1. For segment 34-50, state whether one or more residues are of a type in the set (Val, Ile, Thr) and under 14 Å from Val97 (Cβ atoms).
Amino acid sequence: MTQKIILEIRAGAGGDEASIFAGDLARMYQRHAAIHGWKFSILDTSPGTIGGYKTFISRLEGENCYDSLKQESGVHRVQRIPKTEKSGRVHTSTATVAILPVVEPKEVNINQGDLEITFSRAGGPGGQNVNKIESAVRILHKPTGIVVGCREERNQHANRERAMEVLRAKIYEMQQAKATGNITEQRREQVGTADRSEKIRTYNFPDDRITDHRFNVKVHNIEKVLGGDLDALLKKINKQDASR
């Protein structure tokens, strides 16, 4: 079954190393999508240090992509010697991941009067045509304070539609949590506080071990997993989840 999701990654605790780690996670999911033949579109980014990101938002579309990645939401922690560390000390840093299903416009009622929409020139790769036109979109949903953006496409309309897709996904998730009376817990599960102590998974480079703390699942060969080969880890997690 073809599914569509929004993937949001944010650097957490750990300064520059957190943004580097967020970039590693973004590339991991992008490579994983390529392995499975999923369409992967980068919607918006806020660059960090050495190829990293402060924020990274993308859209995935493909066979069972939500079912496969839904357990990825939460705080991911890395323990390693950062590229920026000169004394050889192991640092602990975090990044948050949120996996949100794309929802149809009819499922979320958004009042257009609640939106503040601004346009700007799209920076980054794309050539001169991108930068000459104010095609990048930022949308503020005033009642919730949610801000979303998109600079992927070359025209305002397409970017606005993609940004609205992200906004609907976020509002829908909040509405679902509120309906079940579990808004605080579910939001924390989705994006956490990015504190080092709030973690669903640890990538321990000195021991070459990845541990998922919710399901007590462990795998080795971190570089292979970060290279996009997540299947061994995800299969163990989903098997444990199904047995609960």
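1. So far as segment 34-50 goes, no, none of its residues is of a type in the set (Val, Ile, Thr) and under 14 Å from Val97 (Cβ atoms).
To keep it simple, each residue is scored yes or no on (1) buried (at least 21 other Cβ atoms within 10 Å of the Cβ); (2) under 24 Å from Ala158 (Cα atoms); (3) not hydrophobic (A, V, I, L, M, F, W, C).
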| residue | (1), (2), (3) |
| --- | --- |
| Thr2 | no, yes, yes |
| Ile6 | yes, yes, no |
| Ser19 | yes, no, yes |
| Trp38 | yes, yes, no |
| Asp44 | yes, yes, yes |
| Phe56 | yes, yes, no |
| Cys65 | yes, yes, no |
| Leu69 | yes, no, no |
| Gly74 | yes, no, yes |
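Values in this text are rule-based calculations from the coordinates and carry no lab data. Owing to the predicted nature of the structure, the values given are computational and were not obtained by experimental measurement. Positions of Cβ are backbone-derived with ideal geometry, glycine not excepted, and every protein chain shown enters the neighbour counts.
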